[in-house]
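Here's the structure, in structure tokens; my notes come after.
The values are calculated or read from the model by the stated rules, or taken from the named source; none is laboratory data. Values in this document were obtained by computation on a predicted structure and should not be read as measured data. Reconstructed Cβ throughout: ideal geometry from the backbone, glycine too, with neighbour counts over all protein chains shown.
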Amino acid sequence: MTRIFKLGTRGSPLALTQAGMVRDALMAAHGWDDVEIVVVRTTGDRVQDRALAEIGGKALWTKELDRALIAGEVDACVHSMKDVETIRPAEIAIAAMLPRADVRDRLIGADSIDALPQGALVGTSSPRRRAQLLRHRPDLQIVLFRGNVDTRLGKLATGEVDATLLAAAGLDRLGRHDTGVAIETDTMLPAPSQGAVGIETLADGPARALVAAIGCSTTFACVGAERALLAALGASCHSPVGALARSEGGGMTIAAELLDEDGTAHVTGILAGEDGVALGTALAADLLGRAPPQVRRLFAG
């Protein structure tokens, strides 16, 4: 390369750690001496007192990075894939994903959901986590909880809430391997794309092939199936949905769950096949066809 490759990222400790992972992979793959990490402050980072769904949804994590990429200020952008909206600008492509990490949530503040005190305060900003928790424990009080990992753990430590849930992958990437207790996926399906780090480039630029060299094809296929499910569901930031695709043998399975806001109604399903996108699309149609009205109204656009 005649110039240093530039990676755009948010500035949180986790985002910077993930950008560092991508930088190291690119340098190893191409024999580069350096990759520059460019911090772009997003609206989602600036506004911390309201739920994302109230102020613009997942685009709050991506629009400033998209602008920097399209303007040529960076060559690629690093994202937590669960924060990337399903419909992306035509000029931008998801060029690669790193190997997926632990997909599970971790509960911090108690040894299990059942061990939480009666009426415990649990902090989360996720409609999925809220609905899944209330499905298991209708007595819990769910309160809005935003901020980066350290901010949330700090609020927990000062007693603002009794417990919270965080993604195991993020905790592990920050070296917090012993923080919290993992909730198995048969109890709480994760958010679609949870645990996956994606790298976007311009669809027709030279960076796309450079980034593709570090990609994990299995992660790309599984996350692609989960994103196809979301697209076919017409899901928004208000839609409580869990999903997980797994590569098994020569094929794939995808499981998903749709819930209403407080978990009193839900529908689940699982499909197996070879084409991940077709599986995600078919499972969405099956779930919407069987969903109770109070669940269906939160989906299909």
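Structure values in brief
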item: Matching residues, the stretch 151-180, being under 20 Å from ALA196 (Cα atoms) and assigned to a helix (DSSP H, G or I); result: ALA168, ALA169, GLY170, LEU171, ASP172, ARG173
item: Residue identified as modelled with pLDDT of 95 or more, of a type in the set (Gly, Ala, Ser), surrounded by 15 or more Cβ atoms within 10 Å (Cβ to Cβ) and under 21 Å from GLN194 (Cα atoms) among ALA96, ALA59; result: ALA96
item: Meets criteria (part of a helix (DSSP H, G or I), out of contact with any strand residue (DSSP E or B) (no Cβ under 6 Å at 6 or more places or on another chain) and of a type in the set (A, V, I, L, M, F, W, C)) for ALA228; result: yes
item: Flag for LEU140 being touching a Leu at 6+ places or on another chain (Cβ under 7 Å), under 16 Å from GLN18 (Cα atoms), surrounded by fewer than 23 Cβ atoms within 10 Å (Cβ to Cβ) and hydrophobic (A, V, I, L, M, F, W, C); result: no
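Let's see how each residue does on (1) of a type in the set (Asp, Glu); (2) modelled with pLDDT of 95 or more; (3) under 20 Å from the mean Cα position of the chain (by Cα):
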{"site": "ALA255", "(1), (2), (3)": "no, yes, yes"}
{"site": "ASP260", "(1), (2), (3)": "yes, yes, yes"}
{"site": "VAL267", "(1), (2), (3)": "no, yes, no"}
{"site": "LEU271", "(1), (2), (3)": "no, yes, no"}
{"site": "GLY280", "(1), (2), (3)": "no, yes, yes"}
{"site": "ALA284", "(1), (2), (3)": "no, yes, yes"}
{"site": "ARG290", "(1), (2), (3)": "no, yes, no"}
{"site": "LEU298", "(1), (2), (3)": "no, no, yes"}
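Conditions tested, residue by residue: (1) in the same structural domain as ARG67 (by TED's automatic domain parsing); (2) modelled with pLDDT of 95 or more; (3) outside any strand (DSSP E or B).
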position: ALA191; (1), (2), (3): no, yes, yes
position: ASP204; (1), (2), (3): yes, yes, yes
position: LEU210; (1), (2), (3): yes, yes, yes
position: PHE220; (1), (2), (3): no, yes, yes
position: CYS237; (1), (2), (3): no, no, yes
position: GLY242; (1), (2), (3): no, yes, no
